[in-house]
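The values are calculated or read from the model by the stated rules, or taken from the named source; none is laboratory data. Just so it is clear, the structure is predicted and the values come from calculations on it, not from any experiment. Every residue, glycine among them, receives a Cβ derived from its backbone with ideal geometry; neighbour counts consider all protein chains shown. These area figures cover heavy atoms from the full protein model, side chains too; ligands, DNA and RNA do not enter into them. Shrake-Rupley method; radii C 1.70, N 1.55, O 1.52, S 1.80 Å.
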Amino acid sequence: MREIVLINITGEDRPGLTAAVTGILAQGEVNILDIGQAVIHDTLSFGILVEIPGTPAGSSVLKDLLFTLYGLDQQVRFTPVSEEEYRQWVSGQGKPRHIVTLLTRKVTAEQLQRVSSITAKYGLNIDRIDRLSGRRPLDMPDERGKGCIELSVRGEPADPNAMRADFLSVAQQLNVDIAFQRDTVFRRNRRLAVFDMDSTLIEAEVIDELAKEAGVGEQVSAITERAMRGELDFRASFKERLALLKGLPESVLAKVGAGLQLTEGAEVLFTELKRLGYKTAILSGGFTYFAHQLQQRLGIDYVFANELQILDGRLTGVAMEPIVDAQRKADLLAELAEREGLRLEQTIAVGDGANDLPMLGLAGLGVAFRAKPLVKQSAKQAISTLGLDGILYLLGYRDREGGEA
């Protein structure tokens, strides 16, 4: 009579162990029903669920395995599984799968405890836990650290909105980002990434920097802040701010452009996206003059932004159509996806302001990056603790898969 047995092996990892174990199982004509292996700090945890036939060849498998593993200084435990238990396990394979990603400067036990408690609270079972970030030196300053833990969970949350609210609450309390996304074939098969520019790819709002040079910095910054929070219509506020720049010398553009700083992680992110075959684009309510500078620096494929009208060497303060506003960004995302022969599920959109929400909602992966509270609450995903390269973790990317991530 056949037996179903769960074999758990632990001990120091060593080459050839898997071959030795499966070699014994092969001699017993054993069928493998499930298998999984993890190595943490050179310590192996190896599990195999097997079906052992009721034949002479199968009768000595467990005894031979025990003897061999003892000689290899491994601990082994055999757990019988009834056919009813196995049938119940098989019936669960149709349940939805999701990925919970924890991003932080330094992973703590409290962060993982709070996140795993929330998944349990809403009826999700954790199937696998992986570290995507690289090994962290003990003396690394927290502000330079990057930590990412990925949990593969099974099931459908009992109350998705309440679970999201709980995740946001923990994120604010513990300075951690928590992403929750369905695990689909598209997650690691996205091929187009579009970005807002100001306060996303660069650490400034260019129109505010121009306004400082024009002597209207505080006035324009106040309007910008309200527009980014979604309190003002973007088109109207853009025209109002641009009008205040009338008469600004064209020479100021080069001065402001020279002082713009890339956001943390931007160069790493674009290097890896290019290596992985992505097309990239800037979809910005800012200005093409500065967007083209970034295009050259980061190797970006497409640029769509607003044109500054200049006459006799000075800004006219007039907005040139078409203005890249919230709806225009979403439309451009759809157009680029179609041009590249992609489904929207294969796209990524990243931005920080209220005018980015339509494209964040349309993309397969919409990421609010260091965003205003309204945007963070409304977007599918949010990153505030790490740099732009943290987006790679949401794709399931591991640090060891590239030069740096």
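Points worth noting:
- Greater than 30 Å apart at Cα, pairs in Lys279/Lys372; Lys146/Lys274; Lys95/Lys329; Lys121/Lys329: Lys95/Lys329; Lys121/Lys329
- Calculated FRET efficiency, Gln377 to Val81, Cβ-Cβ distance, R0 = 35 Å: about 0.20 to the nearest 0.05.
- Cα gyration tensor shape for segment 332-377, rounded if a/c is under 1.5, else prolate or oblate: prolate
- Relative to the longest principal axis of the Cα atoms of the chain, helix 217-228 runs at roughly 40 degrees.
- Taking the Cα centre of segment 109-218 as reference, the dipole from Cβ charges on Lys and Arg (+1) and Asp and Glu (-1) amounts to some 960 debye.
- Scanning residues 5 or more positions from Leu245 or on other chains, none has an amide H under 5 Å from its amide H, with H placed 1.01 Å from N in the peptide plane.
- Annotation: per residue accessible area for the chain equals 49 Å², rounded to a whole number [probe 1.4 Å, protein chains only].
- For segment 266-405, with +1 on Lys and Arg beta carbons and -1 on Asp and Glu, the positive-most of Gly364, Ile383, Ala337 along the dipole: Ile383
- Three-way shape call for segment 247-357 based on the alpha-carbon gyration tensor, with the a/c threshold at 1.5: oblate
- Size of electric dipole in the chain: Cβ of Lys, Arg +1 and of Asp, Glu -1, about Cα centre, debye, nearest 20: 200
- Three-way shape label, segment 294-378, alpha-carbon gyration tensor, a/c 1.5: prolate
- The packing ranking of peptides 194-203, 208-217, 71-80, highest mean first, is 194-203, 208-217, 71-80, where packing means the average number of other beta carbon atoms within 10 angstrom of each residue.
- Extension gain (nm, one decimal) between Arg128 and Ile35, 0.36 nm per residue minus Cα-Cα: 32.2 nm
- Since only Ser60, Gly155, Gln88 are under comparison, the one whose Cα sits farthest along the positive direction of the charge dipole of segment 50-160, derived from C-beta charges on Lys, Arg, Asp and Glu, is Gly155.
- Value at 222 nm in deg cm²/dmol, rounded to 500, when DSSP H runs of n ≥ 4 in the chain each add -39,500 (n - 2.57): -11000 deg cm²/dmol
- Degrees between helix 160-174 axis and first principal axis of the chain (Cα, 0 to 90, nearest 10): 80
- Compared with the dominant Cα axis of the chain, that is its longest principal axis, helix 61-71 is turned about 70°.
- Averaging the Cα positions of each part gives two centres, and for segment 116-168 and segment 253-307 these lie 31 Å apart.
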